[in-house]
Structure formats: structure tokens, C-alpha cells
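The values are calculated or read from the model by the stated rules, or taken from the named source; none is laboratory data. None of the values given here were measured: they were computed from a predicted structure. Every residue, glycine among them, receives a Cβ derived from its backbone with ideal geometry; neighbour counts consider all protein chains shown. Side chains are part of the model used for accessible areas, which takes the heavy atoms of the whole protein and leaves out ligands, DNA and RNA. Shrake-Rupley method; radii C 1.70, N 1.55, O 1.52, S 1.80 Å.
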Amino acid sequence: MKNRLLSQLFSGVLFAAIAAVYPAKATTLTVFCSSSGTELSLCHQAAQSWTKKTGHDIRVIALPSDWGAVLPLYRQLLSAEHPVADILILDSTWIGALAPLLLDIPPTTDDTAILPHPFQAGGRQVALPWYRDIGLLFYRRDLLDRYHMPVPTHWDDLEQTATFIQNKERQAGRTVWGYVWQGRTSESLVCNALEWEDTENPIKTDGTVRTNLPGLERSLNRAAHWISTISPPGVLNYDEEDARGIFQSGRAIFMRNWIYAWALANSPDSPVSGKIGVAPMPRGTKEAPTGIDGTVYLGVPRNTAHPAEALALLHYLTSETIERHQALAGGYIPARTALLDDPEVRHAIPILDTIHPALASLGLRSVAQTGIDYPRVSWVMANDFKDALRNPLSSQQSLRSLVLSLEQLATLGQWTLTTQLQSPYKPISETHRP
């Protein structure tokens, strides 16, 4: 009830702010964008470029910093009688739930030039990738060099290396932690857990639920052992920014995060600028490195007052020109595959060479299998993973509870009986049938 009231309060304030600051005009389009400094700046730059190009005005609205509050806010705003937005920034995990409220995006010959492909739900194309993202391992290159240690490629290697360097640094009077990650009960924890055990997603690609999860249990127990040894005691409350704050201040050796942290950690005022490296996430039982896919999409609400202009703006924001600028100015990985080999892009994002194997071996969450149910699936997973981390002795019980909850959701959602979403990494002509 409290969250619902907060959402209603925020949406009411948002409606009022839009009406007061931006009087309605037929040629004014509204773009909802992340409140992250770099991303918001890129939104404004693209908006100014579009205005100069077309004469249409654009207002950019920053979303709440709490990413978990955005999906319920979108549901409320997109169901409103009067249109509020024309372009939405979309996490891939929201698209199944929002698909009925999104406008169809007509296919074009340009669709094959991007990876992942346009997001499809129920045979409808409803979102285009804005930039790619992937879970990455950030590390203190200077500390690994100091102790002649290689970059870890397996989780056991990471634990041993983090422990060794952490102890050596503390003996020298420098307080550091070995590894910081995201343990808050959220989608971020789901991503971390699936990276720890890269072959045992609780939901199979055909939508059925795994009834036995021994590998995931071992991985959760190992991560629980990290807490207060190589990871801070408060890591179970960390999100991406909490982890970045510790790492960027020079108080951690390794960090799991997304690509955005690269540019920030190398900013002129960063204590670790020039001292860090980035690598694919350590492997579990797979031979290839696996980081969870975190592609960010753009879509158009069905209730937009300007469908033609909104679609034109959508294609402009996902064009080669804008993606190239985002890569050069913000270090964002382009979805247009040709740009990955662009010399200027590779110079701006030197880690592309290092992470290329990971981009070819992505870990996918169960969005395609579960469709509109994914937000609930994620919440159940995050809570049971958190219980297992808090009390390793009951991890088996937590995972048993997870399996039962997922089986109930699968039965209600008929995941294995109905066509849900097309995997964005499969050929766009192929229908994904979980």
C-alpha cells in the first residue's frame, strides 16, 4: 500500500510538472530517460540534435533513480486516459509486462543490422535496442601487477586472488575489500546469482522449471562465504552505485558492474583513474565466459498523441549516428554490429577487445520464457536467493521454495503452452515458442 501511494504521489507530481513547465504543443514530444548523469546528458544531446534537424521540440523527463519503481510507474502512466510520453527507455525485463501498452514498430530492412534484434512479443515488434550492456568484472590492474597475479577466469580463482591481495594490502596498513557486488533484493541480485552458476537457470529455455539445482546451491553457499571475508558485511544491501562507490574510492580489488562504471571510474576526479581493467565475468562450469545481458531498449507507448513523429524519433535515437555518438561520448556499447569494428569506437571503448568473447556468450534471463510474468519471477528469485545468502544452512530449503513458487507461476502463466516473446538474439524471422 505504501509503495502504491508513493507511486501515485510521484505520478501526480509528474503530471503536474509536465503540465506546468511544458504547455501542450502538437509538435512537442516527451522522452522518458534514465536519471543517470551520463545517460541523461546523452538524452538531452540527442533531443537537441533532433530539434535542430526537424524543428520538433523535445522535453526530456528523468525517471526516478530507483529503477525498481519505474515499471509500476510506467504501468500507471501508460494506462492513463491522456498521453504522457512518446518515447520510453526500457529495461529488457519490463518489456513482456508492458508489451500490451506499447505501439507496434513496423519492421525495416535495418533490423538485421542490430544485435540484439528488435524485441518481439506475441509476434509484434515493440522495442528497439538503444545500447548493449553486459555484466563485467572490474579489477585493480595496479594491484594485480604489484603481486604478479593474473586476472581470474573462474570463481575459485577470484576468491583466492581477492583473499591473497586483500590480506597483503591490510598487512601493509591499507584497508581494502576483495570483491564488491550487488546483494540487494532486486533484479541486480538475480543477475549476480545467474552469473555465479551459468548453466543452472531455474527456468529452462523451454519454460519448464528445474526441480533440482545443486550447482546453484553450491554457488550461493560460496557467495555467502564471501560476506565479511572478501566482501563487506553490508554487501547484501548494495546496488550498483554502492559497489561502484567502494571500488572507485580505491577500497576494493574486484567489482561486478555494468559498462557505465568504466567511464566514471576513469574520470579525472576518480582515485582509481588509469589503474583499472575490465574482463568478462569469471566462469562457473561453462567453458566460455558468461555475463548477463543488460541491453537497454526504447519503445513508444500505444497512447502517444504523436505516433508518426514518435516512431521517427525512435528510429533517429537508435540510428548509427546517435549510437556512434553515445559510444564516443559515453562509452556505451552500440547495438549496431558494424560499429563494434569502427576504429574511433574501439579507441573510445578500448575494453571492447577484452569483452568481445563475453558479448558472444551472453547469459540470458528468463524474459522470453515467462513474458508478462517475469517481474514476479524475478521478485521470487531475488527473495529466495537472498534467504540462501543470509543463511547458507537453509539454502536447500530456499531453493526448494523457489522451485515450488516457479512451478505455480508456470502453471498459472501457461509458459510451456503459449507463445510469449521472441528471443532478441535469434533470427528475427524465427518465432520463439517456449
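Of ILE87, ILE114, which residue is open to solvent by less than 40 Å² (accessible area, probe 1.4 Å) and within 16 Å of PHE32 (Cβ to Cβ)?
Details: ILE114 fails: within 16 Å of PHE32 (Cβ to Cβ).
It is ILE87.
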Filter result (of a type in the set (A, V, I, L, M, F, W, C), assigned to a helix (DSSP H, G or I) and over 16 Å from LEU317 (Cα atoms)) within the range 36-70: TRP67, ALA69, VAL70
Filtered residues of the range 143-174 (kept if polar (S, T, N, Q) and modelled with pLDDT of 95 or more): GLN160, THR161, THR163, GLN166, ASN167, GLN171
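Which residues, counting only those in the range 79-98, are in contact with a strand residue (DSSP E or B) (Cβ under 8 Å, 6 or more places away or on another chain) and among the hydrophobic types (A, V, I, L, M, F, W, C)? Steps first, please.
Initial filter on the range 79-98 (in contact with a strand residue (DSSP E or B) (Cβ under 8 Å, 6 or more places away or on another chain)): 83-92, 95-96, 98.
If the condition is that a residue be in contact with a strand residue (DSSP E or B) (Cβ under 8 Å, 6 or more places away or on another chain) and among the hydrophobic types (A, V, I, L, M, F, W, C), then VAL84, ALA85, ILE87, LEU88, ILE89, LEU90, ILE95, LEU98 are the ones that fit.
Got a sec? Which of HIS148, HIS154 is at positive phi and either touching a His at 6+ places or on another chain (Cβ under 7 Å) or not polar (S, T, N, Q) (or both)? Break it down into steps so the answer makes sense when it comes.
On the way: HIS154 fails: at positive phi.
Matching residue, one of HIS148, HIS154: HIS148.
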Within the range 280-297, tally of residues that are open to solvent by 30 Å² or more (accessible area, probe 1.4 Å) and touching a Pro at 6+ places or on another chain (Cβ under 8 Å): 2
Selection from the range 240-271 of residues that are among the acidic types (Asp, Glu), surrounded by 17 or more Cβ atoms within 10 Å (Cβ to Cβ) and either under 15 Å from the mean Cα position of the chain (by Cα) or modelled with pLDDT under 95 (or both): GLU240
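Name every residue in the range 64-84 that is open to solvent by less than 10 Å² (accessible area, probe 1.4 Å) and more than 14 Å from the chain's Cα centre (by Cα), in order of residue number.
Looking only at the range 64-84, we keep the residues that are open to solvent by less than 10 Å² (accessible area, probe 1.4 Å), and these are 70, 73-74, 77.
LEU73, TYR74, LEU77, listed by residue number.
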Checklist (1) in contact with a Leu (Cβ under 7 Å, 6 or more places away or on another chain); (2) open to solvent by 10 Å² or more (accessible area, probe 1.4 Å) applied to ALA360, failing item: (1)
All positions within the range 317-329 that are surrounded by fewer than 22 Cβ atoms within 10 Å (Cβ to Cβ) and either in a helix (DSSP H, G or I) or modelled with pLDDT under 95 (or both): GLU320, THR321, ILE322, ARG324, HIS325, LEU328, ALA329
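What strands (runs of 3 or more DSSP E) lie completely within the range 252-316 and have 2 or more residues being under 30 Å from TRP50 (Cα atoms)?
Values: elements: 252-257, 276-280, 296-299.
Per the criteria, 296-299.
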Where a residue in the range 222-241 is under 25 Å from TYR260 (Cα atoms) and its partner, wherever it lies, is of a type in the set (D, E, K, R) and in a loop (DSSP other than H, G, I, E, B), with Cβ under 8 Å and at least six apart: LEU236/ARG184; ASN237/ARG184; TYR238/ARG184; ASP239/ARG184
Residues (more than 18 Å from GLY291 (Cβ to Cβ), crowded, with 20+ Cβ neighbours inside 10 Å and either touching a strand residue (DSSP E or B) at 6+ places or on another chain (Cβ under 9 Å) or free of Cβ contacts under 8 Å to residues at least 12 places away in the same chain (or both)) located in the range 184-213: PRO202, ILE203, VAL209
The range 365-381 residues that are on the phi > 0 side of the Ramachandran plot, paired with ones that are outside any helix (DSSP H, G or I) and open to solvent by less than 10 Å² (accessible area, probe 1.4 Å) (beta carbon under 6 Å, 6 or more apart): GLY371/LEU421
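Tell me, please, whether a residue that is in a strand (DSSP E or B) and in contact with a Leu (Cβ under 8 Å, 6 or more places away or on another chain) can be found in the range 217-231.
Looking only at the range 217-231, we keep the residues that are in a strand (DSSP E or B), and these are 227, 231.
This time we only want the ones that are in contact with a Leu (Cβ under 8 Å, 6 or more places away or on another chain), so: 227.
Checked against the condition, which is being in a strand (DSSP E or B) and in contact with a Leu (Cβ under 8 Å, 6 or more places away or on another chain), the range 217-231 yields at least one hit.
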